[in-house]
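Scroll down for the structure; my scribbles are underneath it.
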Amino acid sequence: MTRRIFLVRHGETDWNLAGRLQGSHDIPLNDLGREQAAETARVVERLSGGARHLDFVASPLSRAAQTMAILRAELGLPPDAFRRDARLREITFGRWEGSTWPELRRRDPVSLAARDADPWNFSPPGGESYAELSTRVLEAVAELTGDAVVVTHGGVVRAMLHAFAGMPPSQAVELPVRQGAVYLIENGAFELAVA
C-alpha cells in the first residue's frame, strides 16, 4: 500500500468513560471527545503537510461523524463534506453491547473463556468476530483513491493495524487504541502521533 492513511479513533463518549462496549450503539461525543477531535486536526495537519488534498471518510455512527466534522472545521474545511461508509462502523458486540468487561466476566464466563482462547475469531452472541470485521473494513479501504483521513472506531483501528502494518492478530485485538491521536499507516508500518 503506497498511500498514507491518517487513522483516527473517534473522541471519547460517556460510554467510553464508563467502560461500556458501544459497538453499533450510536453514542455521541462528550465534552472531552469534542476536544480530542480538535486535537487530531492539528496532528493530521502537521503529519500531512496540508490536509486539503486528502480524502476524508468516516464511519456513519455519530461519534465518528462528529469527530470528522470537528476535525474538518479545525482545518478550515466544510465540516460535513466527507464520505460516510457503513463498512467502517465499529465491530458489533451483539448482546454484549452496553455491558462492561467485568460485568461480562460475571454474567457470561463461558463465552469470555472462549473469547480469551481465540479473540480474533470469536463472535459474541449476536455479534461479529474481528475476522469478519476485517473483511468489510478491507473492502472499504480498497476504495480509497489516495492519502486519506479515516475516522472510525477502536476495533476498526485494530483490524487495520493488523492488515496494513503487520501487527499479529493476538496483539492487535488487545491493543488499547487512543482517542485524540492519529495512527499514520504508511509503507507497511504505523506511527502513533499526538498533539
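Total residues in the stretch 147-166 satisfying the condition of being open to solvent by less than 10 Å² (accessible area, probe 1.4 Å) and in a loop (DSSP other than H, G, I, E, B): the figure is 1.
Within the stretch 6-28, being of a type outside the set (Gly, Ala, Ser), over 23 Å from ALA165 (Cβ atoms) and open to solvent by 10 Å² or more (accessible area, probe 1.4 Å) holds for GLU12, ASP14, TRP15, ASN16, LEU17, ARG20, LEU21, GLN22, HIS25, ASP26, ILE27, PRO28. For the stretch 55-73, the candidate set comprises residues that are touching a Leu at 6+ places or on another chain (Cβ under 6 Å) and open to solvent by less than 10 Å² (accessible area, probe 1.4 Å); within that set, the residue that is nearest to ARG84 (Cα to Cα) is SER59. The residue pairs whose first member lies in the stretch 1-22 and is charged (D, E, K, R), whose second member is part of a helix (DSSP H, G or I), and whose beta carbons are closer than 8 Å, counting only pairs six or more residues apart or on different chains, are ARG4/SER48; ARG9/GLY154; ARG9/VAL157; GLU12/LEU32; GLU12/GLY33; GLU12/GLN36. LEU112 satisfies every condition listed in (1) open to solvent by less than 10 Å² (accessible area, probe 1.4 Å); (2) free of Cβ contacts under 8 Å to residues at least 40 places away in the same chain; (3) under 28 Å from ARG34 (Cα atoms) except (3).
For the stretch 24-45, filtering for residues that are in contact with a strand residue (DSSP E or B) (Cβ under 8 Å, 6 or more places away or on another chain) and either within 30 Å of GLY126 (Cα to Cα) or at pLDDT below 95 (or both) leaves 5.
Within the bounds of the stretch 45-54, is there any residue that is within 25 Å of HIS162 (Cα to Cα) and open to solvent by less than 20 Å² (accessible area, probe 1.4 Å)? Among the residues of the stretch 45-54, at least one is within 25 Å of HIS162 (Cα to Cα) and open to solvent by less than 20 Å² (accessible area, probe 1.4 Å), which makes the answer yes. Scanning the stretch 83-95 for residues that are buried (at least 17 other Cβ atoms within 10 Å of the Cβ), part of a helix (DSSP H, G or I) and under 19 Å from the mean Cα position of the chain (by Cα) turns up at least one hit. Of all residues in the stretch 167-191, exactly one satisfies the criterion of being surrounded by 22 or more Cβ atoms within 10 Å (Cβ to Cβ) and farther than 25 Å from ARG72 by Cα, namely ALA172. The numbered conditions (1) more than 25 Å from ASP31 (Cβ to Cβ); (2) open to solvent by less than 20 Å² (accessible area, probe 1.4 Å); (3) not aliphatic (A, V, I, L, M); (4) not in a helix (DSSP H, G or I) are all true for PRO125 except (2).
The values are calculated or read from the model by the stated rules, or taken from the named source; none is laboratory data. The shown structure was predicted, so the numbers you read here are calculated from the model rather than taken from an experiment. FYI the Cβ positions are ideal-geometry reconstructions off the backbone, even for glycines, and counts take in every protein chain you see. Just so you know, the surface numbers come from the protein's heavy atoms only, side chains and all, with ligands and any DNA or RNA stripped out. Shrake-Rupley method; radii C 1.70, N 1.55, O 1.52, S 1.80 Å.
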